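Beneath this line is the structure, given in structure tokens, with notes to follow.
The values are calculated or read from the model by the stated rules, or taken from the named source; none is laboratory data. Owing to the predicted nature of the structure, the values given are computational and were not obtained by experimental measurement. Note: ideal-geometry Cβ built from the backbone for every residue, glycine included; neighbour counts use all protein chains shown.
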Amino acid sequence: MSGNSLGRIFTVTTFGESHGRALGCVVDGCPPGMELSEADIQTDLNRRRPGRNRHTTQRDEPDQVKILSGIFENKTTGTPIGLLVENMDQRSKDYGDIKDKFRPGHADYAYQQKYGIRDYRGGGRSSARETTMRVAAGAIAKKYLKERLNIEVRGYLSQLGPIELDAKDLSTVDDNAFFCADPSRIDDLDKFMDELREQGDSIGAKITVIVSNMPSGLGEPVFDKLEADIAHGLMSINAVKGVELGAGFASIVQRGSEHRDEMSAEGFSKNDAGGTLGGISSGQDLLVSLALKPTSSVSVPGKTIDKKGKDTEIVTQGRHDPCVGLRATPIAEAMVALVIMDHYLRNRAQNADVSSETPGI
């Protein structure tokens, strides 16, 4: 299977399945000399891991990371960093009833048609459990970006179903089960999710990521624009169906005189562009949002076919997230950080000696 790696210089390759023995990744291209421990990575894994609260899957995985290589005397050596997380709470028997059926909206049918074989236990490689290692690798990128460049990558839940949410206080994001930045809306979210669970259904969500203290000059036109690679990384996350930067789809109804971000010696007037111009970072905050679909792993019966192509009905059993977006914030942060890290190193390789007479705004 190809397509398991991301990045040109800072390269991440993941492996493993939802119900396999372990998940792992290799991070290649990390600069040497950065202090790194398992605890540095574990913080973000704890934010993503299942079983943290009653609104997510009750699969109880500690997601304890092990660093296998690339570290000496608590510092990165510049050699490949190997990471491993063992699966501890698989319940493959939950999927016995669907081994010959295809779950609508899942990758089951597509995997069967592409490979002629599929791991039906939790979706195998197509499971969102694979994102564990993206978060682990992203924690390394986030640490480097913060310590060496003061770039900070922060995400939050900006919409849950019909409930739109503002970023009133990003410091509160990790204080609740939703990664919500508006503490006044937590009760509304709790009520909505409780009603959803009673109905046996699921819902979609929107995550927004803000990257502050961005340098200008990251991004490689024409095909490797910064937003193009960010979209690539975010669209590779399970269940993501849309990505937008800045004003995004709202720019459809804007006039050019309204959309453009005017400049003065004091800076940009606003940020409808989302932090890039011509595919290159402008130095403004990077603003990116992603839409996640509702999972079709619900207890509401639905029509499907079996492996022989015969009509049948399916009810998904087991432990599932009624809203996959509730654990997606650390994953979105990780993917954005990985792309920025790679583009920083690419820009440093080619343009380290470049200077511009125009001051930054």
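Taking the stretch 151-167, which residues are more than 17 Å from LEU196 (Cβ to Cβ) and either touching a Cys at 6+ places or on another chain (Cβ under 8 Å) or of a type in the set (Ser, Thr, Tyr) (or both)?
Across the stretch 151-167, the qualifying residues are TYR156, SER158.
Based on this model, can you work out whether SER127 counts as of a type in the set (Ser, Thr, Tyr), modelled with pLDDT under 95 and surrounded by 16 or more Cβ atoms within 10 Å (Cβ to Cβ)? Walk me through it before giving the result.
Working: of a type in the set (Ser, Thr, Tyr): yes; modelled with pLDDT under 95: yes; surrounded by 16 or more Cβ atoms within 10 Å (Cβ to Cβ): yes.
Yes.
Test of understanding: among GLY242, GLY246, GLY278, GLY318, which residue is modelled with pLDDT of 95 or more, more than 27 Å from GLU164 (Cβ to Cβ) and of a type in the set (Gly, Ala, Ser)?
Just one listed residue meets the conditions, GLY278.
Tally up the residues in the stretch 140-182 that are of a type in the set (Val, Ile, Thr) and either assigned to a helix (DSSP H, G or I) or under 15 Å from ILE203 (Cβ atoms) (or both), please.
4
Among (1) part of a loop (DSSP other than H, G, I, E, B); (2) crowded, with 20+ Cβ neighbours inside 10 Å, there is one condition LYS270 misses while meeting the rest; what is its number?
(2)
Which of (1) touching a residue at least 60 places away in the same chain (Cβ under 8 Å); (2) buried (at least 19 other Cβ atoms within 10 Å of the Cβ); (3) of a type outside the set (Phe, Trp, Tyr) is the odd one out, the single condition ARG118 does not satisfy?
Unmet condition: (1).
From the list VAL354, VAL298, which residue is touching a residue at least 60 places away in the same chain (Cβ under 8 Å) and either basic (Lys, Arg) or within 30 Å of ASP175 (Cα to Cα) (or both)?
VAL298
Which one is farthest from ALA334 (Cα to Cα) among residues in the stretch 216-254 that are touching a helix residue (DSSP H, G or I) at 6+ places or on another chain (Cβ under 6 Å) and assigned to a loop (DSSP other than H, G, I, E, B)?
GLY217
Just for the stretch 259-301: of the residues that are of a type in the set (D, E, K, R) and within 25 Å of SER212 (Cβ to Cβ), which one is nearest to the chain's Cα centre (by Cα)?
The extreme case among them is ASP285.
Of all residues in the stretch 114-135, which are among the hydroxyl-bearing types (Ser, Thr, Tyr) and farther than 16 Å from ARG49 by Cα?
Across the stretch 114-135, the qualifying residues are TYR115, TYR120, SER126.
Cβ contacts < 7 Å: first residue at negative phi, restricted to the stretch 216-233; second residue among the hydroxyl-bearing types (Ser, Thr, Tyr) and outside any loop (DSSP other than H, G, I, E, B), any location; separation 6+ or different chain. Result?
Listed pairs, sorted by first residue: SER216/SER281; SER216/SER282; LEU218/SER281; LEU218/TYR344; LEU226/THR276; LEU226/SER281; GLU227/THR276.
Restricting the search to the stretch 288-301, which residues are part of a strand (DSSP E or B) and buried (at least 21 other Cβ atoms within 10 Å of the Cβ)? Walk me through it before giving the result.
We begin by selecting, within the stretch 288-301, every residue part of a strand (DSSP E or B); these are 288-292.
Within the stretch 288-301, VAL288, SER289, LEU290, LEU292 meet the criteria.
Of all residues in the stretch 302-361, count the ones that are over 30 Å from PRO215 (Cβ atoms) and part of a loop (DSSP other than H, G, I, E, B).
Selection size over the stretch 302-361: 13.
Just one of (1) in a loop (DSSP other than H, G, I, E, B); (2) of a type outside the set (A, V, I, L, M); (3) over 30 Å from GLY3 (Cβ atoms); (4) within 20 Å of the chain's Cα centre (by Cα) trips up GLY122, so point out which.
Only one criterion in (1) in a loop (DSSP other than H, G, I, E, B); (2) of a type outside the set (A, V, I, L, M); (3) over 30 Å from GLY3 (Cβ atoms); (4) within 20 Å of the chain's Cα centre (by Cα) is unmet by GLY122, namely (3).
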